[in-house]
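Okay, structure first, notes after.
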Amino acid sequence: MSVCRRQSRAAPGKATSRKPDAAAPARAIPILGYIGPGQVGHFYACPIGYALPMELEGSPNARTAATVVREIRGECLGSEFNGWLVAYDDLRLPPSRDLIGRLCVVSLADGRALIKQLQQGEAEGTFDLISLDPPIRNAAIVWAAPVKSIFPRSAVRE
């Protein structure tokens, strides 16, 4: 049986092992980490759980084979969204101007992963990142993905 390794952006080089879940529902969306407090993202090669697809079925933002989910930890969107899940799949590398004004999951050049609204930065190719946290000005973004859906943790099968 294969063993997956997960790596934390907060502690490079440290990894823990976990066995993949062979009994994952066929139409489930993998939860591949979280966006955590202190604006640190944790991304895993193996799912830490599965979001049931009913949260995205029948909506204009229906899921695709590329859809992944991350858990929101902290209060960047308000305390009511702590522990909720964010789904996305349209990774833009580099981010495109049509994302301005939209809520996105972003990865910064310094390794942080955030969920923020994108605004145009002062310098060419940079963005201001807006949420309930203090804004981050003129950020260099590696990739951005518009949020498809945010839904409660109750849609998870661990």
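The values are calculated or read from the model by the stated rules, or taken from the named source; none is laboratory data. This is a predicted model, so every value here is computed, not measured. Note: ideal-geometry Cβ built from the backbone for every residue, glycine included; neighbour counts use all protein chains shown.
Quick notes on this one:
- Conditions (1) at pLDDT 80 or above; (2) assigned to a loop (DSSP other than H, G, I, E, B); (3) under 20 Å from residue 152 (Cα atoms); number of the one not met by residue 27: (1)
- Scanning the stretch 75-118 for residues that are over 17 Å from residue 143 (Cβ atoms) and either polar (S, T, N, Q) or part of a loop (DSSP other than H, G, I, E, B) (or both) yields a count of 9.
- One residue alone among 148, 116 is touching a Ser or Thr at 6+ places or on another chain (Cβ under 6 Å), of a type in the set (Lys, Arg) and surrounded by 15 or more Cβ atoms within 10 Å (Cβ to Cβ), and that residue is 116.
- Test set (1) surrounded by 14 or more Cβ atoms within 10 Å (Cβ to Cβ); (2) over 15 Å from the mean Cα position of the chain (by Cα) - residue 96 fails condition number: (1)
- Residue 50 surrounded by 15 or more Cβ atoms within 10 Å (Cβ to Cβ) and either modelled with pLDDT under 55 or more than 13 Å from the chain's Cα centre (by Cα) (or both): yes
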